1. With θ set to phi - 60° and the Karplus curve 6.51 cos²θ - 1.76 cosθ + 1.60, what are the ³J(HN,Hα) couplings of segment 178-189 in order, to the nearest whole Hz, using x for Gly and Pro?
2. Based on the Cβ-Cβ distance of E155 and K177, what FRET efficiency does E = 1/(1 + (r/R0)^6) give at R0 = 30 Å, to the nearest 0.05?
3. Please give the length that would be gained between L240 and D35 if that part of the chain were fully extended, namely 0.36 nm times their separation in residues minus their C-alpha to C-alpha distance (nm, one decimal).
4. Measure up K45/K163; K64/K100; K38/K64; K186/K217; K38/K163; K38/K59 against 22 Å on the Cα-Cα distance and list the ones that go over.
5. In the calculated pair distance distribution of segment 165-242, what percentage of Cα-Cα distances lie above 22 Å?
6. Taking amide H positions as placed 1.01 Å from N in the peptide plane, with prolines and chain starts having none, which residues 5 or more places from L56, or on another chain, fall under 5 Å of its amide H?
7. Find the all-direction average of the projected area of the Cα convex hull for the chain, expressing the result in square nanometres with one decimal place.
8. Per-residue HN-Hα couplings for segment 145-162, Karplus 6.51 cos²θ - 1.76 cosθ + 1.60 at θ = phi - 60°, whole Hz, x for Gly and Pro?
Amino acid sequence: MDADSTFYRLPKYKSYHEDVSQVLISFERAKDWADIIKCLQRLNKVLQNYPDIPVLPAKITFAKRLTQCLNPGLPSGVHLKALETYQQIFSRIQAPRLAKDLSLFSAGLFPLFQNATTQVKPVLLDIFEKYYLPLGSELYPCLTGFITALLPGLEEQSEFHQKVLNLLDGLCRHTDKTIFFRSVWKSVLLRPSARLHALNYLILRLPSNKSNYNEMKQFLPERSTLVLRALTVSLTDESLLVRRAVLDLLVSHFKLQERVFQIAN
């Protein structure tokens, strides 16, 4: 039996579900961003009225409405109010439930970072650090998407560079290193918008000494396929900055005498 079924049978849950559903329907009548903020305020109020129920009613519709509130065309005030709702939800449902429904909530949060304002980004990064990072291996299904979402924060002139770098390093520590770096290399191969930042992260974090075979396998998983394809794609990228970055990576970490790709995976 589902452990949450106990909460569904509580007398208060019916009222909780009805109150949430009523507010979610009101989003359909919102005509501008001010109306959306009012809906979010009502939603937060409902959550506060039922603090003892750690489950979320109508969670698919709930997550859909929150994702819509993070549309980049809306002002930062809407984004901040929506993030406030996310924080309430995550603190309520706790890690196991968040891990179970990670895809529902990440659909709105991951795309937001690249387009977020300087007021929104620190709040979003705090959410990732507080609620996502502790999930560890539970992040594996969305790890590549998570890393790709964070990588734009590594721009050299960005005020969030160090915080994003720390968050990526924290992800590496909280997950398996091989799986983490496989996701970074996938970002290089499959995500042109994140390619430059992924290469710069690799330049910073790949060990220059390849003498330790087991360590090399962690940083260069699937060398003859994934890594080689990612490097090849980068060398033919339209961006001069990407081509320069991959050449820097090759010169500093793939010395010819090390014969990295001649060693069996």
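The values are calculated or read from the model by the stated rules, or taken from the named source; none is laboratory data. Quantities reported herein were computed from a predicted structural model and do not represent experimental measurements. Cβ coordinates were reconstructed from backbone atoms using ideal geometry, including for glycine residues, and neighbour counts include every protein chain displayed. Quick note on the areas: whole protein, heavy atoms, side chains included, nothing else; ligands and nucleic acids left out. Shrake-Rupley method; radii C 1.70, N 1.55, O 1.52, S 1.80 Å.
1. So the Karplus estimates, Gly and Pro as x, are 5, 5, 4, 6, 4, 5, 5, 5, 5, 5, 4, 6 Hz.
2. With R0 = 30 Å, the Cβ-Cβ based efficiency is 0.75.
3. 69.3 nm
4. Pairs exceeding the cut-off: K45/K163; K38/K163.
5. 20
6. Here the answer is none, since no amide H 5 or more places off falls under 5 Å of that of L56.
7. Seen from a random direction, the Cα hull of the chain projects 16.1 nm² on average.
8. x, 5, 4, 4, 5, 7, 3, x, x, 8, 4, 4, 8, 6, 6, 9, 3, 5
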